[in-house]
Amino acid sequence: MRHDGRREYAVRLQDISEALIADGYTSLDAQAKALGVHRSTAWTIMKAKHKLGRLSLKTTNSMLANPETPPAVRALVEKYLDELRASPRSRRRSAR
């Protein structure tokens, strides 16, 4: 956990950004289309500036539902979701 109370995940937004660029998605429009999200959301991911430091479930679902999401990005998103499910905070919510 970071000093500001937010949890750090092994899969970071920057990892998703780097995977997109490595697969040749260099323009914001191409990145948004590849992720299946709006341009503003893609920009936030690419700049790793998300206010929560994490992706919402809606965003990750959009990425996974998009058939154009590159396999490397899809694998990172799935790993990210696995980490979220395994976190203690996630278990507390499901116990309610």
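Before moving on, here are some points about what is shown:
- Any hit, the stretch 67-77, residues being over 21 Å from ARG39 (Cα atoms) and either surrounded by fewer than 16 Cβ atoms within 10 Å (Cβ to Cβ) or at pLDDT below 75 (or both): yes
- Residue list for the stretch 15-43, filter: surrounded by fewer than 19 Cβ atoms within 10 Å (Cβ to Cβ), in contact (Cβ under 8 Å) with a residue 12 or more places away in the chain and either among the β-branched types (Val, Ile, Thr) or in contact with a Ser or Thr (Cβ under 6 Å, 6 or more places away or on another chain) (or both): GLY36
- The stretch 1-43, residues that are hydroxyl-bearing (Ser, Thr, Tyr) and modelled with pLDDT of 90 or more: SER17, TYR25, THR26, SER27, SER40, THR41
The values are calculated or read from the model by the stated rules, or taken from the named source; none is laboratory data. What you see is a predicted model, and the numbers here were worked out from it, not measured in a lab. In this analysis, Cβ positions are derived from the backbone assuming ideal geometry, glycine residues included, and neighbour counts consider all displayed protein chains.
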